[in-house]
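Read the structure below first, then the notes.
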Amino acid sequence: MNKASLSISSKNYSSWSMRGWLLLRFAGLEFDEEVVPLDEEARSELLLESSSFRVPCLSHGIVKAWDTLAIAEYLHEILPEAGLLPEHPAGRAYCRSICGEMHSGFASLRTSLPFNVKARFPGHRVFGRAQNDIERVTTIWSECLERYGGPFLFGQRTMADAIFAPVVLRFATYDVQVAPVCQAYCEHIRALPEVQEWVEGALQETDDIDELDMEF
């Protein structure tokens, strides 16, 4: 199998880069990491001022996929044994649904709690629609953990855990308090070697975006 490459942006600021990167790591596909410099276009994307995201982008032979869900589905097709989707059709449908909801929704959460691995804002107050988004996320987590028994959303690690992992880090950045069952899930995700590796990479970055380093 040809070695893949994945284009990503800042590990500190790019939640979608993290999702794509984790999907490849969870699938066990070897890949070269190509970092897109934080030029003005990349900064506009991270500041949600642009709708045309360039990262993450997977290149694998003749295949090129730059949508995170497309990357997940492609990896499932070529490496089904990795278990990125649950075995049962009902579980796969539910997994695809919550991943799609994360992919297309939660705009208030993204804008009010920008992804910033290095930052910490103790006691941060969350208002309005962002709080509604947080409650919806924790409802999804609670339902999955109850239905499938944990410690991952579908019992075993799937694409859903890669898709929601950046939310776990967002909650840590902004000191979001959640129910014990969700807190246990957050701690489990943060302890994953792949997540710890991503965080370590973020902590080593020196290029800052001032607009994303202030408390909102």
Reported set for segment 95-115 where residues are in a helix (DSSP H, G or I) and closer than 16 Å to residue 162 by Cβ is 95, 96, 97, 98, 99, 100, 101, 102, 103
For segment 16-55, how many residues are touching a Phe, Trp or Tyr at 6+ places or on another chain (Cβ under 6 Å) and either part of a strand (DSSP E or B) or at pLDDT below 95 (or both)?
2
Residue list for segment 157-200, restricted to those being more than 22 Å from residue 85 (Cα to Cα) and either at pLDDT below 95 or touching an Asp or Glu at 6+ places or on another chain (Cβ under 9 Å) (or both):
174, 181
Scan segment 176-197 and report the pairs whose first residue is in the same structural domain as residue 157 (by TED's automatic domain parsing) and whose second residue is in a helix (DSSP H, G or I) and among the charged types (D, E, K, R), with Cβ atoms within less than 6 Å and a gap of 6+ or a chain change.
194/25
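The values are calculated or read from the model by the stated rules, or taken from the named source; none is laboratory data. Quick caveat, the model's predicted, so the values are computed rather than measured. Note: ideal-geometry Cβ built from the backbone for every residue, glycine included; neighbour counts use all protein chains shown.
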